[in-house]
Amino acid sequence: MLNAWELLEPLGHALRRLSYIDQASPNIFRVKVHCYKGKNLMLSDGISIQKNDLLVKIHLKNLQLLNELLPLNNDLKKYRIIQRYVEQSLPGVYQYIEAHKQVAKIKGIFGITMLHRGCQQLYFDVIDIPSPSYRTFKWISFMPIHFLSVSKPLKSIRKHKPKYLVMSTHTLAKKYGGS
């Protein structure tokens, strides 16, 4: 299954128009500048995200992670590895935004994940997806990854619900901008 995924992944990137941040560095994200279409969000730092605001959508390189995490049996170790990759990759996301031609309009970064435990430690706001139908769609689309990535997928299937991870560019700059 992973071999088929590896063959199809470049096509998926092209269709979703995802960009690599810096292929020379080990950044775990692919990104896309995205016009937000959801309900208004109020972040913990006071920034409001509204419909049509520009955000950088972050996508984990799931295939890379799965290849590394599959041999591990301990879910806590897996979470720590993912958390370390994310923490090491966020400065690259900040640099991507700073170099973008629409830097002044980009209000933050966001992603959708079922791996949200501990994300507040990385300064993300973890927000429930308000639309039940969209939440269910994302849950179904994440199931193959879930079954491949956790030790006991059936035991943990109900605990893991997709959520938004959101961080304002202000917080990103303050925590990962290097100043």
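The values are calculated or read from the model by the stated rules, or taken from the named source; none is laboratory data. Computed from a prediction, not measured in an experiment: that's the story for all the values here. Here Cβ is always computed from backbone atoms with ideal geometry, including for glycine, and neighbour counts include all displayed protein chains. Ligands, DNA and RNA are excluded from the accessible area calculation, which covers all protein heavy atoms including side chains. Shrake-Rupley method; radii C 1.70, N 1.55, O 1.52, S 1.80 Å.
Looking across region 101-114, the residues that are touching a strand residue (DSSP E or B) at 6+ places or on another chain (Cβ under 7 Å) and either open to solvent by less than 40 Å² (accessible area, probe 1.4 Å) or β-branched (Val, Ile, Thr) (or both) come down to Ile106, Gly108, Ile109, Phe110, Gly111, Ile112, Thr113. Of all the criteria given as (1) among the charged types (D, E, K, R); (2) open to solvent by 30 Å² or more (accessible area, probe 1.4 Å); (3) within 21 Å of Arg117 (Cβ to Cβ), the one not satisfied by Lys78 is (2).
Is at least one residue of region 144-157 over 20 Å from Val86 (Cβ atoms), at pLDDT below 90 and buried (at least 16 other Cβ atoms within 10 Å of the Cβ)? Among the residues of region 144-157, not one is over 20 Å from Val86 (Cβ atoms), at pLDDT below 90 and buried (at least 16 other Cβ atoms within 10 Å of the Cβ), which makes the answer no. Every condition in (1) open to solvent by 80 Å² or more (accessible area, probe 1.4 Å); (2) within 16 Å of Thr171 (Cβ to Cβ); (3) not polar (S, T, N, Q) is met by Trp139 except one, and the failing one is (2). Within region 117-136, the set of residues being in a loop (DSSP other than H, G, I, E, B), open to solvent by 70 Å² or more (accessible area, probe 1.4 Å) and not hydroxyl-bearing (Ser, Thr, Tyr) comprises just one member, Arg117.
Every residue, every condition in (1) within 15 Å of the chain's Cα centre (by Cα); (2) not basic (Lys, Arg), yes or no:
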{"site": "Leu76", "(1), (2)": "no, yes"}
{"site": "Gln83", "(1), (2)": "yes, yes"}
{"site": "Leu90", "(1), (2)": "yes, yes"}
{"site": "Gln95", "(1), (2)": "no, yes"}
{"site": "Glu98", "(1), (2)": "no, yes"}
{"site": "Lys101", "(1), (2)": "no, no"}
{"site": "Ile106", "(1), (2)": "no, yes"}
{"site": "Ile112", "(1), (2)": "yes, yes"}
{"site": "Gln120", "(1), (2)": "yes, yes"}
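Among residues of region 70-82 that are under 21 Å from Leu122 (Cβ atoms), those with a beta-carbon under 6 Å from a residue that is among the basic types (Lys, Arg) and in a helix (DSSP H, G or I) at least six positions away or on a different chain give the pairs Leu72/Lys78. Listed by position, the helices (runs of 4 or more DSSP H) contained in region 1-116 that have at least 3 residues being at pLDDT 80 or above are 75-99. When Ser179 is tested against (1) modelled with pLDDT of 75 or more; (2) surrounded by fewer than 19 Cβ atoms within 10 Å (Cβ to Cβ), only condition (1) is not met.
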